[in-house]
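What follows is a single structure, written as C-alpha cells, with notes after it.
The values are calculated or read from the model by the stated rules, or taken from the named source; none is laboratory data. Since the model is a prediction, treat every value here as computed from it, not as a measurement. No Cβ is skipped: glycine too gets one built from the backbone with ideal geometry, and neighbour counts run over all protein chains shown.
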Amino acid sequence: MNLPKTIVAWGAMAPRLQSTLRIVSAIMFMIAGTIKLFAFPTGIFPHGGTVQLMSELGLAGVLEAFGGAFLMLGLFTRPVAFLLSGEMAVAYFQAHFPHGFWPTMNGGQPAVLYCFLFLYFSAAGGGPWSLDAMRNRKSEPSL
C-alpha cells in the first residue's frame, strides 16, 4: 500500500518536531526557574519576590532555569532530561500528591507532564537541532 506523499513527508518531519518540542518545553520550564530565582518575567505570588537560593525551592529554581537552558540548547540532553524528570517526580509527590491522587484535582498536571516529557528526552535525545547532534557530527570520522 502506497501512502500519500503528504503523509510520508509529514512523518519525515518527526526528528525536527522532536527538536521543536524540546526547545519549546525547555523555554516554558526555564521560565518557572527564572520566576523563582530572578522574579522574571514576574515574581512569586502574592508579593512578587524570589525564593531563598539555599532552600528546596531555590534548588528547584536552579534546576529549572539552568537545566532548562541546557535542554533548550540541546546540550547534554539525555542526562539533564533524566535529572529534570526526577525533579518533577519529586515535585509531584511532595507538593501535589498529598492533596489527592488525580493530577487534575491536585494541580499536578504540569509536573506529571514535564516528568514524562523529560523522561522521553532522556531516552530519545535532543533531535537534529541540538548542540549534542552538532557535537556528534563533528566527532564522526570523515571519509
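General remarks:
- Which listed residue, of 71, 75, is crowded, with 21+ Cβ neighbours inside 10 Å and within 13 Å of residue 130 (Cα to Cα): 71
- Close pairs (6 angstrom Cβ cut-off, 6 or more residues apart or separate chains): closer than 11 Å to residue 66 by Cβ and at pLDDT 95 or above in region 26-43, of a type in the set (Phe, Trp, Tyr) and not in a helix (DSSP H, G or I) anywhere: 34/40
- Just one of the listed residues (25, 19) is within 23 Å of residue 57 (Cα to Cα), among the hydroxyl-bearing types (Ser, Thr, Tyr) and surrounded by 13 or more Cβ atoms within 10 Å (Cβ to Cβ), namely 25.
- Taking (1) crowded, with 16+ Cβ neighbours inside 10 Å; (2) in a helix (DSSP H, G or I) in turn, residue 126 satisfies each apart from (2).
- Residues of region 4-48 satisfying the condition of being closer than 22 Å to residue 74 by Cβ and outside any helix (DSSP H, G or I): 13
- Among (1) without any contact (Cβ under 8 Å) to a residue 40 or more places away in the chain; (2) surrounded by fewer than 17 Cβ atoms within 10 Å (Cβ to Cβ); (3) not in a helix (DSSP H, G or I), the one test that residue 51 misses: (2)
- Checked against the criterion of being surrounded by fewer than 19 Cβ atoms within 10 Å (Cβ to Cβ) and under 16 Å from the mean Cα position of the chain (by Cα), region 89-105 contains one or more residues that satisfy it.
- Failed item in (1) at negative phi; (2) surrounded by 15 or more Cβ atoms within 10 Å (Cβ to Cβ); (3) without any contact (Cβ under 8 Å) to a residue 60 or more places away in the chain, with residue 11 passing the rest: (2)
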